[in-house]
Amino acid sequence: MDISEQNRLFYNDGYLMGQRVATKNTKENISLQQAVKAMYQSIDQLIDSFLKFSENHKVKPDCKKGCGYCCHQPVFANSYEIEYLGNYIKENFTLAQQQEILKKAKEKNEKTAHLSKKELQNFKFPCPLLRNDICIAYPARPLACRIYLSTQLSSCIHFFKDPKDEKKYPQLLDFPLRTGRMINQGLYQALKENGISAHEYKLEEGLAGYLENIKLN
């Protein structure tokens, strides 16, 4: 199967999820948050299978718990992902912890709000969910975080220390990137066709707005 056919199949998977959100058939209908959960589960399973195959061919990511270099980069997420993440935080963190997350999200958003696209790409600042180089909301992390898998730690360190060097970027696995993007694009398009709006935000921007709107209760 060639790449274009793979992309079409993954896109269709996401599109069908979006259609199930919009359908009026009670047997087929799922909530948007259920669709996000299903999308994440599908992507995680595909990546797990891919990584097992890759390890047999001596190709595997250098990513591991406690390696937070990529967690200082810009992360973008659609509004339905922000809501999923915000709900997880609301259900699993104390009010004081939520307030600390909100404080860090607003702090980063203030630093990134006026940056150009190029400046933002090279800007390094810790994610509001990063503690001791570990994501405190890992099960609900956005798609962009799930599909970002590097095969060379040194390339991540170099990009962290010298982001303006356009000759060397993190060495990322292509399959997770394509898979995630195609499924998410399919979901987004189906929602759009059915009049369900979704917008993309910087993680800190969306998270700060969502946590403020739910008033942390």
Scanning region 184-210 residue by residue, the ones that are buried (at least 23 other Cβ atoms within 10 Å of the Cβ) and closer than 23 Å to residue 127 by Cβ total 6
Subset of region 1-22, residues surrounded by 14 or more Cβ atoms within 10 Å (Cβ to Cβ) and of a type in the set (Val, Ile, Thr), comes to 21
Checked 108, 124 against criteria (of a type outside the set (Asp, Glu), touching a Phe, Trp or Tyr at 6+ places or on another chain (Cβ under 7 Å) and crowded, with 19+ Cβ neighbours inside 10 Å); the one match is 108
Hey, any hits in region 47-67 for a residue that's at pLDDT 95 or above and either within 27 Å of residue 171 (Cα to Cα) or crowded, with 19+ Cβ neighbours inside 10 Å (or both)? no
For region 11-24, check the following and say yes or no: at least one residue is in a helix (DSSP H, G or I), within 24 Å of residue 133 (Cβ to Cβ) and not hydroxyl-bearing (Ser, Thr, Tyr).
no
Within region 124-135, is there a residue that is over 17 Å from residue 98 (Cβ atoms), touching a strand residue (DSSP E or B) at 6+ places or on another chain (Cβ under 9 Å) and outside any helix (DSSP H, G or I)? no
- Message: Tell me yes or no: at least one residue of region 203-217 is under 17 Å from residue 75 (Cα atoms), aliphatic (A, V, I, L, M), out of contact with any strand residue (DSSP E or B) (no Cβ under 6 Å at 6 or more places or on another chain) and not in a loop (DSSP other than H, G, I, E, B).
- Response: yes
When restricted to 33, 99, the only residue within 17 Å of residue 198 (Cα to Cα) and modelled with pLDDT of 90 or more is 33
- Just wondering, is there one or more residues in region 146-154 that are at pLDDT 95 or above and surrounded by fewer than 18 Cβ atoms within 10 Å (Cβ to Cβ)? yes
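The values are calculated or read from the model by the stated rules, or taken from the named source; none is laboratory data. Worth saying up front: this structure is predicted, and the values here are computed from it rather than measured. FYI the Cβ positions are ideal-geometry reconstructions off the backbone, even for glycines, and counts take in every protein chain you see.
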